[in-house]
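Only one structure is covered here, and it is reproduced in the block below.
None of the figures in this text is laboratory data; all of them are computed from the coordinates on show. Note that the structure is a prediction, hence the values are computed from the model and not measured. Methodologically, a virtual Cβ is constructed for each residue, glycine included, from the backbone with ideal geometry; neighbour enumeration extends over all protein chains shown.
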Amino acid sequence: MLRFTILLSAAFAILAPLVPLSAQMATITVLDGPDSTVISRHIYGHFAEHLGRSIYGGFYVGEGNDSIANVDGLRSDVIEALRRLQIPNLRWPGGCFADTYHWRDGVGPRDERPTMVNTNWGGVTEDNSFGTHNFLQLCDLLDTEPYLAANIGSGTVQELADWVQYVNYPGTSPMSDDRRRNGRAEPWGVRYWGVGNEAWGCGGNMRVEYYADLYRRYATYMSGAGLDGGLYRVAAGATDGDYHWTEVLMRDVPHHLMQGISLHHYSVIDWSGKGPAVGFDESQYMTTMQRSWAMEEMVTKHSAVMDVYDPAKKVGLIVDEWGGWYDVEPGTNPGFLYQQNTMRDAMIAGMNLNIFNNHADRVHMANLAQAVNVLQAVILTEGNQLVLTPTYHVMEMYKVHQDATRVPIRVESPEYAHGGETLPAISASASRATDGTLHVSVVNIDYAKAHMVTITLPQNYVRVSGRVLRSERMQDYNGFGEPGRIEPE
Ligand code: AHR
């Protein structure tokens, strides 16, 4: 047995402000009990919606752009940065946008593509210059799996069946012939499909009982022909603590039609007053942490509902939207959801990834909202400049857990207290890589105190090392003028 004590860490990913030390010790005991659960790499997924400067200006700068390096219009610096994260999947084209999107408008000759109005996000004109072929080429360049979100709110069953055939069918068919005419001979073999998005809201304002029937109908005509293992179809799931929604889907949709159910939960202070992304005070910080920590309860309770109908845990809980959501940066379009990203966001990221790792038996996928220039982004761009946010660095530090075997741990934490509220200061998760390396990730969310952490390991190791991400203040961020201010040490 190896036992060691260090300030805040014994890990390869530690988040900590540089602040005074607390008297109370945190302990993390790594247990040697068997756990065969693999932490799916898909927990480390991302999301790109036609929203603000996510696609246009973020991922895509237009073919022939000679001021920003690109491959067929796809931004090279963004691709390179995301490849370093080894992102396992990318969800597209929404979000709310998905239920207004008609995929045929985005294929074929550009000058013949119709325009549409992006009614959800700023009412801007969408010219459909970025469509299915561009997105799937982007995924190829990123070496990541596409996760397509289909239009159930305003699209037809036939439209969805045709999209599946267009991207996946290898033989001769009306859709695959069209694909070939549009320049792509081989099918892409897209496995992950969202069947609608937020059907309780922007995806159609449906009751779950109605959506469950609709889901059965749409899913029936999505053919997995030509794809090894078939499609992985994700039903549009609950928001936050709506356990009734999950219950009805689990009860009323045959499980052979539904491989996953989504869950959306944002760490938002209050929908009517989200507060600033940077100039927040400690009360706002505490509330954000409470909203973030609520993910633990939601995942636990949605999983418990699912366990009743699926004790073998075959249907995945897919947290395909999570992250911090604040007021937009002053002077930016309120419909574009552009926000800065501070150490507070790093805390949200580490805490949520620990939760997902610890629930990896049920959480099979998760998607941070969103990858570039929107909400809790890992990358921000301005013209030809690019900044990696603190959240990016957390994702990079945590990538060691992708497809590793979960290791059970017991955490005893001092409390982080503010304004009469308390939360555990320390959260953690652990996994073992195939070469035997043990990775322990530890987060200290305390606004004001450093904590001593003792980690007890079940055996001796020949080498122990750690990386830490920290800064003087929770409000610190990587700005365009100082892009390297916060980096792992
Ligand atoms: O991520 C931004 C939006 O948040 C998505 O479009 C929607 O699904 C959610 O409400």
_Förster-model FRET efficiency, 35 Å R0, T115 and R217, C-beta, rounded to 0.05_ = 0.70
*Could you go through the stretch 366-378 in sequence order and give the Karplus-derived ³J(HN,Hα) for each residue, using 6.51 cos²θ - 1.76 cosθ + 1.60 with θ = phi - 60°, rounded to whole Hz, and x for Gly and Pro?*
8, 9, 5, 9, 10, 6, 10, 6, 9, 6, 7, 6, 8
*Report, to the nearest 10°, how far helix 208-220 tilts away from the longest principal axis of the Cα atoms in the chain, using its own Cα long axis and a range of 0 to 90°.*
60
*asked:* Normalised radius of gyration for the stretch 311-462, please: alpha carbon Rg relative to 2.2 N^0.38 Å, two decimal places.
replied: 1.17
*Alpha-carbon gyration tensor eigenvalues x 5, square-rooted, for the stretch 135-185, Å*: 19, 17, 8
*Over the stretch 194-347, what number does the Rg to Rh ratio reach, with both radii from the alpha-carbon atoms and Rh per Kirkwood?*
1.04
*Kindly provide the GluC sites (Glu not before Pro) of the stretch 372-479 that DSSP labels as loop, not H, G, I, E or B, and whose Cβ sees at most 16 other Cβ atoms within 10 Å.*
E472
*Over the Cα atoms of the stretch 54-161, Rg to Rh with Kirkwood Rh, two decimal places?*
0.96
*With label points built 7 Å along Cα→Cβ from the Cα atoms of Q137 and L31, find their separation and express it in nm.*
5.1
*What percent do you get for the relative contact order of the stretch 230-344 when only Cα pairs under 8 Å and 6+ apart count?*
34
*Output the relative contact order of the stretch 28-109, whole-number percent, from Cα pairs under 8 angstrom with separation of 6+ residues.*
32
*For the stretch 299-385, list log₁₀ I(q)/I(0) at each q in 0.12, 0.13, 0.16 Å⁻¹, using the Debye formula over Cα point scatterers of equal strength and ignoring solvent, two decimals each.*
-0.47, -0.53, -0.71
_About the Cα centre, and with charges only on the beta carbon of Lys, Arg (+1) and Asp, Glu (-1), how big is the dipole of the stretch 404-489? Nearest 20 debye, please._
340
*Just the ratio, please: alpha-carbon radius of gyration of the stretch 117-259 over 2.2 N^0.38 Å, N its number of residues.*
1.11
*Can you run phi through the Karplus equation (6.51, -1.76, 1.60; θ = phi - 60°) for the stretch 120-128 and list ³J(HN,Hα) in whole Hz, with x for Gly and Pro?*
7, 10, x, x, 7, 7, 9, 8, 6
_Just to be sure I understand the model, the point goes 7 Å from the Cα along the line to the Cβ. What's the resulting E63 to E297 distance in nm?_
5.2
*With contacts defined as alpha carbon pairs under 8 Å and 6 or more residues apart, what's the relative contact order of the chain in percent?*
28
*Interatomic Cα distance distribution for the chain, bins of 20 angstrom, percent*: 24, 57, 18, 0
*Among the aspartates and glutamates, select those whose C-alpha is under 19 Å from the C-alpha of K314, and discard any that sit fewer than 8 residues away in the same chain.*
D35, D228, E247, D252, D361, D403
*Dividing the Cα convex hull volume of the stretch 406-481 by residue count, how many Å³ per residue is that?*
155
*Where does helix 282-309 land angle-wise versus the long Cα axis of the chain, in degrees 0 to 90, nearest 10?*
60
*Potential lengthening between D127 and E415 on full extension [0.36 nm per residue; Cα-Cα distance subtracted]*: 98.6 nm
*Using the alpha-carbon atoms, what tilt in degrees (0 to 90, nearest 10) does helix 76-85 show relative to the longest principal axis of the chain?*
50
_Quick one: 3J(HN,Hα) in Hz for the stretch 390-396, Karplus 6.51/-1.76/1.60 with θ = phi - 60°, rounded, Gly and Pro as x._
x, 4, 4, 5, 5, 4, 5
